[in-house]
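Working notes for the structure below.
The values are calculated or read from the model by the stated rules, or taken from the named source; none is laboratory data. Everything quoted here is computed from the prediction, not taken from an experiment. All Cβ positions, glycine included, derive from the backbone under ideal geometry; neighbour counts span all protein chains shown.
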Amino acid sequence: MLKLLTVVGARPQIIKASAISRVIATQYGDDMRDIMLHTGQHYDADMSEIFFRELGMPEPAYNLQVGSSSHARQTARMMEGIEEVLITEKPDILLVYGDTNSTLAGALAATKLKVPVAHVEAGLRSFRKSMPEEINRILTDQVSSYLFCPTDTAIGNLAKEGFPAPGAKGPYSADLPAVCKGGDVMFDNVLHFSSGANQANEAFFNDLDIIPGEYILATVHRDNNTNHPHRLNAIIKALLGIVEDEKRTVLLPVHPRMRKAIEDHLAPALGKALKSQPGLRIVPPVGYLDMIRLEAHARLIMTDSGGLQKEAFFFRKPCVVLRRETEWVELVACGNSKLADADEEAIRMAYEEMIQYQGAEFPDIFGNGHAAEFICQFLTDNPPATS
Ligand code: UD1
Ligand code: UDP
């Protein structure tokens with residue numbers, strides 16, 4: 001029986017972990033045991049608890065409750081707590097997702113105790129080291145023994161950094177890691193939950209006062225956009241312009257970081273304009289099931305979120321990316337995503353183009369919707385040498 005310790009902390013990690021938890025519970029119960037550790041990086045009920053509840057996951061066995069802090073302090077607190085749990089539980093593998101501080105803390109604590117690390121969503125790169133996420137993903141990949149890549153680009157990025165090609169023989173270690181493309185667990189989730197998402201529910205849309213097929217769904221949370229007032233102001237100005245000139249409703253479920261940024265950094269005139277414009281609708285974060293329903297019925301998605309860029313593609317909705325670059329370059333190449341940075345004019349131009357986009361091509365980029373099964377099978381077939 002392979003014993004996994006899974007570290008989650010931020011909203012998208014809880015969602016991603018649910019795909020593997022579901023597969024372990026239904027198919028690998030005799031082969032694997034998964035212990036969940038929540039760092040507490042996200043802690044508001046609508047950023048954390050709601051996902052455990054609605055995605056059918058048990059309460060995490062451990063919650064470190066580290067909360068918000070500076071990068072170093074937050075990561076250090078996580079590492080201390082994770083180390084204690086690693087010593088107590090002695091897992092065969094530590095599993096981490098994505099590129100947050102929780103990912104890096106888990107990977108560093110485990111590797112120093114010689115617990116092999118499995119990294120889901122390995123190999124992604126923005127090639128911009130000023131992004132905290134870029135540092136987290138590079139360092140996590142460097143100490144991982146199992147690198148599960150969602151895309152061919154991710155495999156290519158690792159090859160350029162000297163990682164072995166997929167197919168190399170085990171036993172695997174941080175010195176000789178396994179690199180494989182198993183697909184994207186977020187695609188697994190969308191396929192699993194999309195029958196509900198695709199059903200339009202009149203009351204749901206009425207409550208939000210939006211018309212299915214007409215509204216724009218937007219999210220903003222990157223530190224680069226929320227911490228730089230000129231970027232934040234440019235984004236809000238562009239969204240307000242779209243509401244006013246194009247007569248569109250924009251629904252903006254706000255991450256707590258964005259809510260604070262709007263309070264603290266918006267130019268007074270823009271803040272006033274925002275308050276008096278009901279077409280730009282700011283609502284609290286929504287649960288995953290509501291979010292994918294909003295995606296499925298949006299006309300267009302505008303976001304700086306990694307997850308939303310992919311989900312836009314899964315639901316065949318065009319996406320304007322409020323960043324200079326993206327890790328999901330295939331989505332730009334196939335035409336589904338358009339980079340607009342945080343520049344008012346570029347956002348307006350990207351809107352004009354993408355609102356017309358018919359979605360000619362939807363290539364197979366993210367696997368077959370069975371990434372979680374692939375990962376579980378790979379780990380049970382290739383356990384670490386010591387277990
Ligand atoms: C983190 C990840 C980011 C990921 C995002 C997903 C890092 C460095 N960043 O960014 O990669 O895309 O999660 O959502 O790990 N806050 C609350 N309540 C909460 C959580 C946060 O109020 O439950 C506020 C706090 O003021 C906090 C701020 O949001 O300081 C930022 O939270 P933090 O976890 O540091 O980073 P995110 O922006 O959420
Ligand atoms: N999400 C959600 N409610 C929201 C915003 C996002 O359930 O109000 C989900 C979204 O569907 C996706 C994930 O959270 O699955 C993306 O997380 P986020 O944008 O916070 O982080 P990123 O993907 O950029 O790391």
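Consider only pairs whose beta carbons are under 9 Å apart and that are at least six residues apart or on different chains; among these, list those whose first residue lies in the range 49-60 and is under 13 Å from R22 (Cβ atoms) and whose second residue is part of a loop (DSSP other than H, G, I, E, B) and acidic (D, E).
Hits for this filter: F52/E59.
Which residue pairs have Cβ atoms under 7 Å apart, sit 6 or more places apart or on different chains, and have a first residue in the range 211-233 that is more than 15 Å from ligand 2 (Cβ to nearest atom) and a second that is small (G, A, S)?
Between residues of the range 211-233 that are more than 15 Å from ligand 2 (Cβ to nearest atom) and residues that are small (G, A, S), the close pairs are P212/A200; R231/A342; L232/A261; N233/A267.
Within the range 112-133, can one find any residue that is at positive phi, surrounded by 19 or more Cβ atoms within 10 Å (Cβ to Cβ) and in contact with an Asp or Glu (Cβ under 9 Å, 6 or more places away or on another chain)? Give the derivation first.
Of the residues in the range 112-133, the ones at positive phi are 114, 121, 123, 127.
Still in the running and surrounded by 19 or more Cβ atoms within 10 Å (Cβ to Cβ): 121, 123.
Then drop every residue that is not in contact with an Asp or Glu (Cβ under 9 Å, 6 or more places away or on another chain), which leaves 121, 123.
Scanning the range 112-133, I find at least one residue that is at positive phi, surrounded by 19 or more Cβ atoms within 10 Å (Cβ to Cβ) and in contact with an Asp or Glu (Cβ under 9 Å, 6 or more places away or on another chain), so the answer is yes.
Applying the selection to the range 1-36, what residues are in contact with an Asp or Glu (Cβ under 9 Å, 6 or more places away or on another chain), away from ligand 2 (no atom under 16 Å from the Cβ) and without any contact (Cβ under 8 Å) to a residue 60 or more places away in the chain?
The answer is M1, A25, I35, M36.
Anything in the range 114-142 that is within 26 Å of G67 (Cβ to Cβ) and either in contact with a Lys or Arg (Cβ under 9 Å, 6 or more places away or on another chain) or among the small types (G, A, S) (or both)? List them, or say none.
Selection gives V115, H119, V120, E121, S130, M131, E133, E134, I135, R137, I138.
Among residues belonging to the range 104-149 that are among the basic types (K, R) and outside any helix (DSSP H, G or I), point out the one that is farthest from the chain's Cα centre (by Cα). Walk me through how you get there before you give the answer.
From the range 104-149, those among the basic types (K, R) are 112, 114, 125, 128-129, 137; that's our starting set.
Subset that is outside any helix (DSSP H, G or I): 114, 125, 128-129.
Numbers: K114: 27, R125: 14, R128: 18, K129: 18 Å.
Looking at residues that are among the basic types (K, R) and outside any helix (DSSP H, G or I), I get K114.
Are there any pairs with C-beta distances below 8 angstrom linking a residue in the range 312-327 that is within 17 Å of T153 (Cβ to Cβ) to a residue that is assigned to a loop (DSSP other than H, G, I, E, B) and among the basic types (K, R), with the two at least 6 apart or on different chains, and if so which?
R323/R222; E325/R128; E327/R125
Could you check M291 against (1) among the hydrophobic types (A, V, I, L, M, F, W, C); (2) in contact with a Pro (Cβ under 8 Å, 6 or more places away or on another chain); (3) away from ligand 2 (no atom under 14 Å from the Cβ); (4) free of Cβ contacts under 8 Å to residues at least 40 places away in the same chain and say which number it fails?
Failed condition: (3).
Quick one: which residue in G183, G156 is under 21 Å from the mean Cα position of the chain (by Cα), at pLDDT 95 or above and in a helix (DSSP H, G or I)?
Numbers: G183 fails: in a helix (DSSP H, G or I).
When all the criteria are applied, what remains is G156.
Can you confirm whether the range 353-366 contains a residue that is touching a Phe, Trp or Tyr at 6+ places or on another chain (Cβ under 8 Å), surrounded by fewer than 19 Cβ atoms within 10 Å (Cβ to Cβ) and on the phi > 0 side of the Ramachandran plot? Full working, then the answer.
Within the range 353-366, the first condition is being touching a Phe, Trp or Tyr at 6+ places or on another chain (Cβ under 8 Å), and the residues that meet it are 362, 365-366.
Subsequent filtering for residues that are surrounded by fewer than 19 Cβ atoms within 10 Å (Cβ to Cβ) retains 362.
Going one step further and asking which of them are on the phi > 0 side of the Ramachandran plot, we end up with none.
Checked against the condition, which is being touching a Phe, Trp or Tyr at 6+ places or on another chain (Cβ under 8 Å), surrounded by fewer than 19 Cβ atoms within 10 Å (Cβ to Cβ) and on the phi > 0 side of the Ramachandran plot, the range 353-366 yields no hits at all.
If a residue has to be under 25 Å from K16 (Cβ atoms) and surrounded by fewer than 20 Cβ atoms within 10 Å (Cβ to Cβ) to count, how many in the range 181-203 make the cut? Give the steps one after another, and end with the answer.
Initially, the range 181-203 is screened for residues under 25 Å from K16 (Cβ atoms), giving 181-199.
Still in the running and surrounded by fewer than 20 Cβ atoms within 10 Å (Cβ to Cβ): 191-196, 198-199.
Result for the range 181-203: 8.
If Q41 satisfies every condition in (1) surrounded by fewer than 18 Cβ atoms within 10 Å (Cβ to Cβ); (2) modelled with pLDDT of 95 or more but one, which is the exception?
So the condition that Q41 fails would be (1).
Please report, ordered by residue number, the helices (runs of 4 or more DSSP H) entirely within the range 227-320 with at least 1 residues that are touching a helix residue (DSSP H, G or I) at 6+ places or on another chain (Cβ under 7 Å) and within 16 Å of ligand 1 (Cβ to nearest atom).
On the way: elements: 229-246, 256-265, 268-275, 288-296, 306-314.
In the range 227-320, 229-246, 256-265, 288-296, 306-314 are the helices (runs of 4 or more DSSP H) which contain 1 or more residues that are touching a helix residue (DSSP H, G or I) at 6+ places or on another chain (Cβ under 7 Å) and within 16 Å of ligand 1 (Cβ to nearest atom).
Can G167 be described as free of Cβ contacts under 8 Å to residues at least 40 places away in the same chain and part of a loop (DSSP other than H, G, I, E, B)? Step through it out loud before you land on a result.
Working: free of Cβ contacts under 8 Å to residues at least 40 places away in the same chain: yes; part of a loop (DSSP other than H, G, I, E, B): yes.
When the stated conditions are applied, G167 passes them.
In this structure, does G162 turn out to be more than 30 Å from M291 (Cα to Cα), in a loop (DSSP other than H, G, I, E, B) and touching a residue at least 40 places away in the same chain (Cβ under 8 Å)? If you could, list the steps in order and put the result at the bottom.
Numbers: more than 30 Å from M291 (Cα to Cα): yes; in a loop (DSSP other than H, G, I, E, B): yes; touching a residue at least 40 places away in the same chain (Cβ under 8 Å): no.
So G162 does not fit the description; no.
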